[in-house]
Amino acid sequence: AALLALGALYETGAGAGTPDAILPDPQAAFESYRAAADLGNIQSKIKQAALLMAGQGVTADPETGLQMLRDLAAAGEPEAALLMAEYYLQTTTQTTAQTEPAADLAKAFAAYEQAAQAGSTSAQIQLAGMLLRGEGTPRDIPRGHALLQSTAAQGSDKALLALGALGAEAVGGL
């Protein structure tokens, strides 16, 4: 846990404007996360994968980072599947002349579904939204609505707000 905390400290820095300030150091953050991951710390493995995918503190290697997340998600880690889904929503592809956004909605949907099944309320809300909009999957309003209701019943204020917005939309924006 200490190496995870050290990685977070290096990732964000601390004490800005003070003589003892610690400036952000992505490379030191990556090394701290890697050391903690080598000791079996799951959260550090997720952080290490995220830094690999973003190329922060290390040469970017999105495929290795994604594989790490896939392995963790397959082991039931919802945060890993959630991070994969967010990555798939932001991916880009290279064309001969320019970079164009090319979110992979089907892969994002599948990753959100995996995280939702593992208990992530954030993923449940995102999954419900994709179902309601038909993004990455055929539109399924009853399933999306039911998922929001279930998530709200678990105590999620965000799901409750989304249900309220759906209700207001259904009655003409009251």
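The values are calculated or read from the model by the stated rules, or taken from the named source; none is laboratory data. Just so it is clear, the structure is predicted and the values come from calculations on it, not from any experiment. We place every Cβ from the backbone using ideal geometry, glycine too, and count neighbours over all the protein chains shown. The accessibility values were calculated without ligands, DNA or RNA, using every heavy atom of the protein model including side chains. Shrake-Rupley method; radii C 1.70, N 1.55, O 1.52, S 1.80 Å.
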Please give the per residue accessible area of the stretch 105-174, computed with a probe of 1.4 Å over protein heavy atoms only, in Å². 55 Å²
Could you give the length gained by full extension between D140 and A168, i.e. 0.36 nm per residue of separation minus their alpha carbon distance, to one decimal place? 8.2 nm
Value of [θ]222 nm, deg cm²/dmol, for the chain, DSSP H segments ≥ 4, -39500 (n - 2.57) each, nearest 500: -21000 deg cm²/dmol
Starting from one equal scatterer on each C-alpha and no solvent at all, send me the Debye-based log10 I(q)/I(0) for the stretch 20-94 at q = 0.14 Å⁻¹, two decimals. -0.44
Most to least packed among 137-145, 40-48, 120-128, 12-20 [average Cβ atoms within 10 Å]: 120-128, 40-48, 137-145, 12-20
FRET efficiency, 1/(1 + (r/R0)^6) with R0 22 Å, evaluated for A75 and A1 via beta carbons: 0.65
Relative to the chain, whose Cα atoms define the longest principal axis, helix 2-12 and its Cα axis are tilted in degrees, nearest 10, by 80 degrees
Using Cα positions and a limit of under 18 Å, work out the aspartates and glutamates in reach of K47, with same-chain residues fewer than 8 apart set aside. E11, D25, E31, D38, D61, E63, D71, E77, E79, E86
Compute the helix-to-body angle for 26-38: its Cα long axis versus the longest principal axis of the chain, expressed 0 to 90° and rounded to tens. 80 degrees
If one takes the longest principal axis of the Cα atoms in the chain, at what angle in degrees, from 0 to 90 and to the nearest 10, does the Cα axis of helix 78-90 lie? 80 degrees
